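> Dropping a structure here in structure tokens format, bear with me for questions.
Taken together, the values in this text are just the output of simple stated rules run on the coordinates, not laboratory data. These numbers come from a predicted model, not from an experiment. Neighbour counts are summed over all protein chains in view; Cβ atoms, including those assigned to glycine, are modelled from backbone coordinates with ideal geometry.
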Amino acid sequence: MLDAGRLEQLGQNDRRGEGGQGSRGGQGGQLGHLGARSPESTLPGRRLAELAEQAARCTTDCCGASCMVSEGGPERPAAVTHPDLAALVSVQLRSGDGPIPAALERGEPVDSADLLREERWPAYRAMALDSGVRSSVTIPFRRSGLTVTLSLYSFRPGALEDAPHGPARALGDLAVTCLVRDRSYRAALTELDQLGAALRTRPVVDQACGIVMHVLGCDADAAFGVLRRVSQATQRKLSDVASAVVDKRGRGLERELVSLSN
């Protein structure tokens, strides 16, 4: 998965591509299906690499593609089909000027039919022409607070006019749906891990509550409240506080527990 810094590094590294039919060579090897589900496929970088490669392959006269995902935070995972295209993305992220920022702002496709005659985005235009790119189009896809931009490039002017209405549109819609689903899937896994951790620590917390109940002669809710106040006061995990109480069987803690129960 690439961020702006990694994109810049790629753009300055070896520019030798791995040739492909109708597009520049891909980064990341064999591709799976956009809709497939596996631990690896739920990573944004994997989804983006698949989208860029497949969109470039199915778009007539397309020499390569790049895509980026934005969720409103500083990190913007991205993927490119060739290192030269990494520099094109990077220069837009640095300057805040270019078809990608324009598409993000407008929420609609932004194209340049002939960069040789383009008067917008001078830094992007110069770098694109230096790489042999004559035309480009950037298509944004938005869903559930997540935005994916897909940029297609061509060596020929006027070659990508129909791209926003072609197969690339369907691929982008599918990709953003998968990314939203993947985000929910990862959130569910995180919640499951947290629940698992809570269940693993529950027995020792229950034992500690029993000891506090015996020492203070209080009920379970009051005992748990004492443990929680100890945890907050000492900035220790509740499970660590409970383990300490259980290890000492409450001995030597009577005065402290009484003071915290008041």
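> Going by average Cβ neighbours within 10 Å, how do the peptides 133-144, 76-87 rank, with the highest at the top? Intermediate values should be presented prior to the final figure.
On the way: 133-144: 21.8, 76-87: 25.6.
The most tightly packed comes first, giving 76-87, 133-144.
> What whole number of Å gives the distance from the Cα centroid of region 198-244 to the Cα centroid of region 89-104?
53 Å
> If you don't mind, there's one more thing I want to ask. Give me a comma-separated list of calculated 3J(HN,Hα) values for region 44-59, in order, Karplus coefficients 6.51, -1.76, 1.60 applied at θ = phi - 60°, integers in Hz, x for any Gly or Pro.
Values, residue by residue: x, x, 5, 4, 5, 4, 5, 4, 4, 5, 6, 5, 5, 5, 9, 9 Hz.
> Continuing with the same structure: Enumerate the calculated ³J(HN,Hα) couplings along region 103-116 in order (Karplus 6.51 cos²θ - 1.76 cosθ + 1.60, θ = phi - 60°), each rounded to whole Hz, writing x wherever the residue is Gly or Pro.
Listing the rounded values in order: 5, 5, 6, 7, x, 9, x, 10, 10, 9, 5, 8, 5, 5 Hz.
> Taking the Cα centre of region 59-165 as origin and charging only Cβ (+1 Lys, Arg; -1 Asp, Glu), how large is the dipole, in debye to the nearest 20? Before the final figure, lay out each step's value.
Numbers: 10 positive and 14 negative charges, 30 e Å.
Roughly 140 debye for region 59-165.
> Quick one: 3J(HN,Hα) in Hz for region 134-139, Karplus 6.51/-1.76/1.60 with θ = phi - 60°, rounded, Gly and Pro as x.
These are the phi-based 3J(HN,Hα) values: 9, 8, 7, 9, 10, 10 Hz.
> Still on this model: Near Ala197, within a Cβ-to-Cβ distance under 14 Å, what is the net charge of the other residues, with Lys and Arg +1 and Asp and Glu -1?
Numbers: positive: Arg200, Arg202, Lys237; negative: Glu191, Asp193, Asp240.
Neighbour charge sum, excluding Ala197 itself: 0.
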